């Protein structure tokens, strides 16, 4: 049986539900535990706060959040990441997340709780990045002290 690409699946079905792989979207999505659903992206532009499935060449798929909409591209960042990704074009984006499943319970991106989470997450990006980098520097310092 041959594997079908995310692009082909979305073209054939209009939406895709898949398990989360990796930790870049924590705490929203937990690796191997939660599912996410994306709908195929149409011609519309994405909005800041949208979680999108996009393709990095040659064949790497990424689910991250749009943090800035620019005239011809987007700035994207995983919820658990510190490095923004620039230059993501509409043509790179395959789908937009419409919901997720945690603990057997479905959540829509239209739910008030999700919208509040997304708003708080978007408005605290600089603080979260600074804290995450500070914690990492502290961990590295402790490692140097423990293992000189």
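The values are calculated or read from the model by the stated rules, or taken from the named source; none is laboratory data. Only a predicted model underlies this, so the values are computations on that prediction, with no experimental measurement involved. Note that each Cβ is placed from the backbone with ideal geometry, even for glycine, and that neighbours are counted across all protein chains shown.
Taken over region 59-75, the criterion of being closer than 21 Å to residue 116 by Cβ and surrounded by 17 or more Cβ atoms within 10 Å (Cβ to Cβ) is satisfied by 63, 64, 65, 66, 67. Tallying residues that are closer than 17 Å to residue 55 by Cα, in a strand (DSSP E or B) and at pLDDT 95 or above within region 19-41 yields 5.
Name the residue that is nearest to the chain's Cα centre (by Cα), counting only residues in region 47-58 that are closer than 18 Å to residue 121 by Cβ and surrounded by fewer than 19 Cβ atoms within 10 Å (Cβ to Cβ). The qualifying residue nearest to the chain's Cα centre (by Cα) is 49.
Evaluation of residue 81 against the conditions (1) in contact (Cβ under 8 Å) with a residue 60 or more places away in the chain; (2) surrounded by 12 or more Cβ atoms within 10 Å (Cβ to Cβ); (3) part of a loop (DSSP other than H, G, I, E, B) shows that the sole unmet condition is (1).
Being under 10 Å from the mean Cα position of the chain (by Cα), in contact (Cβ under 8 Å) with a residue 60 or more places away in the chain and crowded, with 16+ Cβ neighbours inside 10 Å is a property that residue 28 has.
For region 65-78, which residues satisfy the criterion of being within 13 Å of residue 47 (Cα to Cα) and not in a loop (DSSP other than H, G, I, E, B)? Those that are within 13 Å of residue 47 (Cα to Cα) and not in a loop (DSSP other than H, G, I, E, B): 65, 66, 67, 68, 69, 74, 75, 76. Can we say residue 39 is in contact (Cβ under 8 Å) with a residue 24 or more places away in the chain, exposed (fewer than 14 other Cβ atoms within 10 Å of the Cβ) and touching a strand residue (DSSP E or B) at 6+ places or on another chain (Cβ under 9 Å)? So residue 39 fails the test. Against the criterion of being surrounded by 13 or more Cβ atoms within 10 Å (Cβ to Cβ), in contact with a strand residue (DSSP E or B) (Cβ under 9 Å, 6 or more places away or on another chain), over 22 Å from residue 119 (Cα atoms) and free of Cβ contacts under 8 Å to residues at least 40 places away in the same chain, residue 9 qualifies.
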